[in-house]
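Taking it in order: structure first as structure tokens, then the write-up.
The values are calculated or read from the model by the stated rules, or taken from the named source; none is laboratory data. Everything numeric in this text was worked out from a predicted model, so none of it was measured. So basically every Cβ, Gly included, is an ideal-geometry build from the backbone, and we count neighbours across all protein chains shown.
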Amino acid sequence: MKATFKKYILNFKQASGTSRGILRTKETYFIIIETNNKTGIGECGLFKGLSCDDRLDYEEKLHWLCTNVHKNIDELFIELIEFPSIQFGLEQALLSLKGKNNFELFPSKFTESKDAININGLIWMGSESFMKQQISDKLKAGFSTIKMKIGAIDFESELSLLKSIRNEFSSKEVELRVDANGAFKASEALEKLKRLSEFEIHSIEQPIKQGQFNEMAKLCENTPLPISLDEELIGVFDVTKKEKLLQTIKPQYIILKPSLVGGFKGSEEWIGLSEKQQIGWWITSALESNIGLNAIAQWTYTLNNKIPQGLGTGSLFTNNFESPLEVENGQLHYNKTKKWNFNLK
């Protein structure tokens with residue numbers, strides 16, 4: 001068994017704004033495993049500035065994996081515990097190696113083009129007019145769930161945008177989610193949540209920065225709208241610590257990005273713990289290329305979670321890989337008549 005890795009820079013079609021800054025490029029890595037004339041491909045979706053494995057020794061750890069790829073999978077996972085995106089890339093590559101082709105990891109009605117996954121339409125931060133145009137485009141494209149990034153422009157302008165949607169569409173017609181990426185101060189968060197709740201918001205992601213367990217627990221206890229944890233889950237590896245975090249904060253939802261929480265294995269651990277405590281969950285991508293997005297989508301379909309997932313990010317890049325993944329009428333489809341074109345040159 002031989003393994004190699006390669007770095008790849010994804011270029012955004014247009015600069016995409018979050019409360020953490022403007023994204024123009026996204027660095028990612030691919031691990032390729034070869035054995036018995038078969039090849040397996042996996043994406044290690046490092047997310048600079050967000051991943052807990054955004055470390056100087058990241059490539060060193062990839063070299064280590066390539067040297068030790070023949071070892072037992074459990075041993076490898078233990079060694080890679082602090083590198084969740086590499087764990088995820090390894091999982092994908094091994095499944096790719098076993099599949100009937102490189103890209104069918106979880107055969108299902110989804111990969112047979114007989115069913116689709118409901119997804120939300122993502123609205124990036126920017127000027128009020130830019131955000132308004134995105135909202136209009138997503139609604140015209142058939143999305144019934146809109147997720148809007150907030151926290152970077154003036155809060156009153158953001159409320160105005162939400163009000164304009166609600167003036168036209170009821171909560172039964174369009175579900176609204178907002179994502180603050182930790183932008184609110186703990187002292188002002190509850191008041192902002194009260195104002196947001198006037199627009200019948202489905203949920204808000206990570207209203208305050210992660211690591212403020214007591215403040216987040218108070219918010220979740222007193223909130224007028226459901227809170228979902230996202231960044232809060234990053235860097236929590238031990239199952240006992242995961243359980244304690246959920247028991248302490250008691251969120252209404254958690255959001256799982258496999259590249260950030262240890263792939264399928266790490267995500268399924270979080271799902272099991274959250275379901276024990278009647279905490280809802282859904283899956284979202286972390287701006288992977290179509291390789292990682294495909295793996296997440298195929299796995300997500302097997303979980304049979306009917307609420308809209310966050311998997312509509314494949315069209316963001318100018319140099320993404322051609323794939324069967326297509327977004328139509330607010331759903332992610334796998335068009336098996338379309339071919340893959342995975343070329344790292």
Those helices (runs of 4 or more DSSP H) completely within region 177-265 that have 3 or more residues that are charged (D, E, K, R), modelled with pLDDT of 95 or more and under 14 Å from ILE279 (Cα atoms) are 239-249
Return the residue satisfying two criteria in turn: it lies in region 241-281 and is in contact (Cβ under 8 Å) with a residue 40 or more places away in the chain and hydrophobic (A, V, I, L, M, F, W, C), and of such residues it is nearest to ILE73 (Cα to Cα). PHE264
Members of region 203-220 found to be surrounded by fewer than 21 Cβ atoms within 10 Å (Cβ to Cβ) and in contact with a Pro (Cβ under 7 Å, 6 or more places away or on another chain), listed by number: CYS220
It is to be established whether one or more residues within region 273-281 are among the hydrophobic types (A, V, I, L, M, F, W, C), over 23 Å from GLY99 (Cβ atoms), assigned to a loop (DSSP other than H, G, I, E, B) and at pLDDT 95 or above. yes
What about GLU328, is it assigned by TED's automatic domain parsing to the domain that holds LYS241 and out of contact with any strand residue (DSSP E or B) (no Cβ under 6 Å at 6 or more places or on another chain)? yes
So which pairs qualify, if the first residue must be in region 87-110 and touching a residue at least 60 places away in the same chain (Cβ under 8 Å) and more than 21 Å from GLY266 (Cα to Cα), the second must be part of a helix (DSSP H, G or I) and among the small types (Gly, Ala, Ser), the Cβ gap must be under 6 Å, and the two must be at least 6 apart or on different chains? ASN102/SER96
Among the residues in region 140-147, are any farther than 15 Å from ILE227 by Cα and assigned to a helix (DSSP H, G or I)? yes
Consider region 106-135. How many of its residues are exposed (fewer than 13 other Cβ atoms within 10 Å of the Cβ) and farther than 24 Å from ASN294 by Cβ? 2
Do we find that ALA93 is surrounded by 19 or more Cβ atoms within 10 Å (Cβ to Cβ) and touching a His at 6+ places or on another chain (Cβ under 6 Å) in this structure? no
Out of the helices (runs of 4 or more DSSP H) lying entirely within region 33-98, which hold 1 or more residues that are among the polar types (S, T, N, Q), outside the structural domain of SER285 (by TED's automatic domain parsing) and within 24 Å of ASN290 (Cα to Cα)? 84-98
Identify, please: which residue in region 217-240 is within 21 Å of the chain's Cα centre (by Cα) and among the hydrophobic types (A, V, I, L, M, F, W, C) and is, among those, farthest from LYS149 (Cα to Cα)? VAL239
Among SER113, SER129, which is touching a residue at least 24 places away in the same chain (Cβ under 8 Å) and not aromatic (Phe, Trp, Tyr)? SER113
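Yes/no matrix, rows are residues, columns are (1) at pLDDT 95 or above; (2) within 11 Å of ILE117 (Cβ to Cβ); (3) not in a strand (DSSP E or B):
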position: ILE283; (1), (2), (3): yes, yes, no
position: LEU287; (1), (2), (3): no, no, yes
position: GLY292; (1), (2), (3): yes, no, yes
position: ILE296; (1), (2), (3): yes, yes, yes
position: LYS306; (1), (2), (3): no, yes, yes
position: GLY312; (1), (2), (3): no, yes, yes
position: GLU326; (1), (2), (3): yes, no, no
